[in-house]
Amino acid sequence: MILTNTYKNSFAMLALLLLFQVSCKNDITSTKDEVVENIDYTAKVYPLLDSENSRWFYFSSASRPFGMVNLSPDTQIGGAWGSGYRYKTDTIKGFSHIHAWQMSGVSVMPVTTKNETKKEIFKNFHSKFSHESETVTPGYHKVELDRYQIQVELTSSKRVGLHKYRYPENDQEKAVLFNLNTLLGPSKNVNGLLRQISKNELSGNVTMAATHRRPKPLTVFFKVVLNSTITSLEHDKETGNYMVVLDEHQNNVLMKVGISYTSIANASINIESELPHWNFNETRDSAKQEWNGLLQRIEVEGGSDQDQRRFYTDLWHALQGRRIISDYNGAYPDNTGNDFKVGQLPLDENDRPKFNHFNSDSFWGAQWTLNTLWGLVYPEIMDEFSNSLMQYYKDGGFIPRGPSGGNYTYVMTGASATPFIVTAIQKGIIKDDLETIYQALKKNHLVGGIMGKSGYEHNTTIGGGLKYYTSQGYVPYPLPEGYYGSHQDGASLTMEYAYQDWTLAQLAKKMGYKEDYDYFLGRSSNYKNVFDSEIGWMRPKNVDGQWKVDYDAYQAEHGFIESNGAQSTWFVPHDLVGLASLMGGKDAAVKKLNEQFETAEDLGFTAGTSHAVELHPEYSRIPINFGNQPSIQTAFIFHQLGRPDLTQVWSRKVAKTVFGGLSPSTGYNGDEDQGLMGSLAVLMKIGLFQMNGGTEANPEYQIGSPIFDTIRIKLNPDYYSGNVFTINAKNNSAENVFVSEVAFNNKKLEENSLKHDEIVKGGSLNLHMVPTPPN
């Protein structure tokens with residue numbers, strides 16, 4: 001079975017100095033990394049990981065980093081969950097260009113027909129395929145359609161999909177079917193239109209109907225250019241599908257599909273600017289080189305071949321899911337107001353957008369994942385996303401926690417963008433307009449702001465219970481006003497708000513706002529109000545202050561968001577010493593958490609092997625769950641309570657058990673929300689973590705137990721003064737998981753931690769690994 005394409009592209013051998021060719025400092029689209037060594041990192045990536053459990057935006061193949069186009073085959077198309085490319089489904093139902101948070105569209109299928117079969121193919125155009133003839137690698141996908149004997153190859157630029165079809169030599173018509181009016185992924189595609197505008201060009205548009213999560217429709221415009229003459233364009237009124245019949249003499253067909261969320265004119269500009277040629281191999285190789293440029297930012301040595309392949313697959317996933325929605329010229333869809341309008345991103349002196357605008361799932365859990373990985377390894381990406389989040393504020397009045405279709409979705413809870421932006425400021429990535437940013441973040445934390453909205457609460461600010469949090473010090477469960485949205489789980493909301501308030505307090509301190517600092521720091525202690533000292537767990541309480549009766553700390557949800565009380569009790573990343581005090585001291589807290597890990601180990605550290613089964617009674621009662629965000633920080637809690645040895649042993653075990661597999665049937669054992677679990681796996685394997693999300697002044701990195709002998713992180717010189725930060729784990733092995741000595745730049749460290757300003761100057765962190773905990 002061909003799982004990945006292992007062909008290698010020859011890159012020149014360069015000096016060890018990493019060169020960044022940057023035409024626009026903050027633009028992912030125009031930032032290029034020169035690959036330092038003749039290593040094809042994309043060959044180490046296994047795109048089929050966990051593809052048996054795919055959700056709509058999870059799988060990626062013919063896509064660039066954060067590309068507007070995410071082109072791949074769909075084997076399931078109905079619904080956001082269990083859809084897209086599902087490895088065990090043997091039928092392809094189309095190749096669609098948009099796989100994003102609450103967005104889908106422009107599905108096409110090459111077919112062959114005869115007049116007598118055409119009507120049937122309009123209705124049933126699906127085709128079986130085999131993994132035996134499939135090649136999947138970052139930026140490229142090849143597959144054979146058994147029904148039609150058509151070989152399909154796919155690649156893309158940022159905003160343009162490039163298709164290559166090799167039709168069989170027979171007497172059937174060669175055609176491409178456009179499935180524009182269908183249920184595709186998370187939303188219905190409606191009002192799809194396709195029109196011919198020249199002998200080899202078409203244009204069209206299709207509207208993504210509103211969903212429960214994305215409350216406003218969004219239209220995608222597209223331009224199609226073929227290297228073959230169009231013989232006819234036919235429309236089936238019953239299905240709404242269109243069939244483009246091609247020149248019968250041309251068996252090898254190339255097709256460009258440029259998309260835009262603003263206009264057909266901008267879709268055309270996207271093609272002209274990004275893909276003016278017809279060289280498929282050049283485009284595929286360019287995609288490969290762009291992925292290599294990002295993957296080679298971290299070089300690892302040691303471990304097994306599977307360890308390395310899984311590591312680069314995790315790193316690849318850390319850069320997945322979140323999608324550009326702005327055009328090459330900076331036009332973007334603004335759906336934040338009462339009426340849709342086309343916005344324009346600010347331009348630099350070369351008339352290029354200063355940053356891209358993004359569609360993105362929530363940053364809920366990013367404090368332990370993207371904050372650290374992007375902030376250290378990909379600061380330019382954190383820069384762009386921060387600017388994009390602020391653009392939403394300028395347009396719609398709020399910094400979002402998960403925008404889709406140019407609008408707010410209010411996915412999940414709290415003000416999850418606050419830690420993300422605060423760490424970008426504390427790490428010196430964001431330096432300008434701090435007053436505007438602070439006031440925007442502060443607005444979200446006050447009554448009427450996003451913090452007061454529960455999940456998908458579009459029209460009110462009641463469900464989040466913020467008025468109770470500010471007046472009574474906790475969010476009651478149940479909320480006395482009733483149901484306004486999802487995740488109205490008071491205990492979890494109280495703890496989440498408390499942490500986010502602490503992060504905002506750190507920025508207030510930096511800005512010199514003492515009164516605000518004192519206020520939000522005071523609110524950050526509210527987590528204590530939902531801790532029941534008699535039973536030693538966080539526990540929901542009602543509006544009258546009465547604890548939830550018949551409380552079971554291992555019962556999923558019922559006051560806790562996508563977790564149980566045992567898991568969520570530890571969600572106090574800003575004050576673990578204070579939490580330990582409530583539990584009877586550090587030793588008591590360590591004992592309690594260690595017992596939870598021992599129990600969780602027997603269950604594989606996750607609530608089943610996919611997000612879909614987390615609430616099953618057989619899996620939901622696990623005390624620690626690394627398949628969802630609320631307790632993914634727990635292995636590093638020991639470090640903060642004076643037991644780094646327990647952090648080292650448990651983080652190693654989790655990395656191997658949860659994030660060690662390499663198959664379509666497993667991978668993240670839960671919910672890989674657009675890079676969150678991929679990032680977590682990377683951080684565990686390189687042995688770096690930030691418990692509070694890196695939100696304090698000069699953020700601290702806690703040192704864990706890296707699984708590799710040597711890790712080299714190449715620092716972006718546009719942001720950091722150093723060249724390379726290296727971690728050397730001497731005498732490393734599967735048995736030698738404990739760190740006995742720590743030295744940075746030949747200076748012994750007393751603590752297993754480093755500050756951000758030290759790391760970004762570059763240097764070597766040397767860890768001496770031993771098989772037993774040091775005294």
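Among the residues making up segment 543-563, those that are in contact with a Lys or Arg (Cβ under 7 Å, 6 or more places away or on another chain) and part of a loop (DSSP other than H, G, I, E, B) are Lys548, Tyr551, Tyr554, Gly559. Scanning segment 249-280 for residues that are within 28 Å of the chain's Cα centre (by Cα) and free of Cβ contacts under 8 Å to residues at least 60 places away in the same chain returns a single hit, Ser273. Where residues in segment 596-628 are among the charged types (D, E, K, R) and under 19 Å from Phe659 (Cβ atoms), which of them is modelled with the lowest pLDDT? Only one residue tops the list, namely Glu614. Scan segment 611-635 for residues that are hydroxyl-bearing (Ser, Thr, Tyr) and not in a loop (DSSP other than H, G, I, E, B) and the total you get is 2.
Within segment 148-163, is even one residue surrounded by fewer than 16 Cβ atoms within 10 Å (Cβ to Cβ), at pLDDT 95 or above and either assigned by TED's automatic domain parsing to the domain that holds Lys93 or charged (D, E, K, R) (or both)? Within segment 148-163, one or more residues are surrounded by fewer than 16 Cβ atoms within 10 Å (Cβ to Cβ), at pLDDT 95 or above and either assigned by TED's automatic domain parsing to the domain that holds Lys93 or charged (D, E, K, R) (or both). The number of residues in segment 73-83 being modelled with pLDDT of 95 or more and either surrounded by 24 or more Cβ atoms within 10 Å (Cβ to Cβ) or of a type in the set (Asp, Glu) (or both) comes to 2.
When you look at Gly397, is it among the small types (Gly, Ala, Ser), farther than 17 Å from Ser486 by Cα and outside the structural domain of His212 (by TED's automatic domain parsing), yes or no? So Gly397 passes the test. Would you be able to say whether some residue in segment 515-527 is in contact (Cβ under 8 Å) with a residue 40 or more places away in the chain and surrounded by fewer than 16 Cβ atoms within 10 Å (Cβ to Cβ)? No, that holds for no residue. Looking only at segment 432-450, decide whether some residue is crowded, with 22+ Cβ neighbours inside 10 Å, in contact with a strand residue (DSSP E or B) (Cβ under 6 Å, 6 or more places away or on another chain), in the same structural domain as Gln344 (by TED's automatic domain parsing) and outside any loop (DSSP other than H, G, I, E, B). Looking for residues that are crowded, with 22+ Cβ neighbours inside 10 Å, in contact with a strand residue (DSSP E or B) (Cβ under 6 Å, 6 or more places away or on another chain), in the same structural domain as Gln344 (by TED's automatic domain parsing) and outside any loop (DSSP other than H, G, I, E, B), one finds none in segment 432-450, hence no.
If you check Val422, Val411 for being in the same structural domain as Ala318 (by TED's automatic domain parsing), assigned to a helix (DSSP H, G or I) and crowded, with 23+ Cβ neighbours inside 10 Å, only one passes: Val422.
Against the definition (buried (at least 20 other Cβ atoms within 10 Å of the Cβ), touching an Asp or Glu at 6+ places or on another chain (Cβ under 6 Å) and among the aromatic types (Phe, Trp, Tyr)), how does Phe571 come out, yes or no? No; evaluated as a whole, the condition is false for this residue.
Note on segment 204-241: residues that are touching a His at 6+ places or on another chain (Cβ under 8 Å) and over 15 Å from His97 (Cβ atoms) amount to 2.
In the set Val543, Val549, Val572, only one residue is without any contact (Cβ under 8 Å) to a residue 60 or more places away in the chain, among the hydrophobic types (A, V, I, L, M, F, W, C) and assigned by TED's automatic domain parsing to the domain that holds Thr494; that residue is Val549. Just to be sure, is Glu120 assigned to a helix (DSSP H, G or I), surrounded by fewer than 24 Cβ atoms within 10 Å (Cβ to Cβ) and out of contact with any Cys (no Cβ under 9 Å at 6 or more places or on another chain)? Answer is yes for this residue. In the set (1) touching a Phe, Trp or Tyr at 6+ places or on another chain (Cβ under 7 Å); (2) more than 19 Å from Glu496 (Cα to Cα); (3) not in a loop (DSSP other than H, G, I, E, B), the condition left unmet by Ile429 is number (3). Taking Gly604 as the residue in question, decide whether it is over 23 Å from Thr666 (Cβ atoms), touching a residue at least 40 places away in the same chain (Cβ under 8 Å), assigned by TED's automatic domain parsing to the domain that holds Asn669 and not acidic (Asp, Glu). So Gly604 does not fit the description; no. The criterion of at least 2 residues that are of a type in the set (A, V, I, L, M, F, W, C) and under 32 Å from the mean Cα position of the chain (by Cα) is met by the following helices (runs of 4 or more DSSP H) wholly inside segment 564-610: 576-582, 586-602. Looking across segment 492-542, the residues that are of a type outside the set (S, T, N, Q), touching a helix residue (DSSP H, G or I) at 6+ places or on another chain (Cβ under 8 Å), closer than 29 Å to Pro623 by Cβ and not in a helix (DSSP H, G or I) come down to Phe531, Gly536, Trp537, Met538, Arg539, Pro540, Lys541. Only residues that are assigned to a loop (DSSP other than H, G, I, E, B) and either buried (at least 21 other Cβ atoms within 10 Å of the Cβ) or aliphatic (A, V, I, L, M) (or both) were counted across segment 246-270, and they come to 2. Selection of segment 92-117 for residues being surrounded by fewer than 16 Cβ atoms within 10 Å (Cβ to Cβ) and among the β-branched types (Val, Ile, Thr) yields only Thr117.
The values are calculated or read from the model by the stated rules, or taken from the named source; none is laboratory data. Please read all numbers here as calculations on a predicted model, not as lab measurements. Using ideal geometry, Cβ is built from the backbone for each residue, glycine included, and neighbour counts are taken over all protein chains shown.
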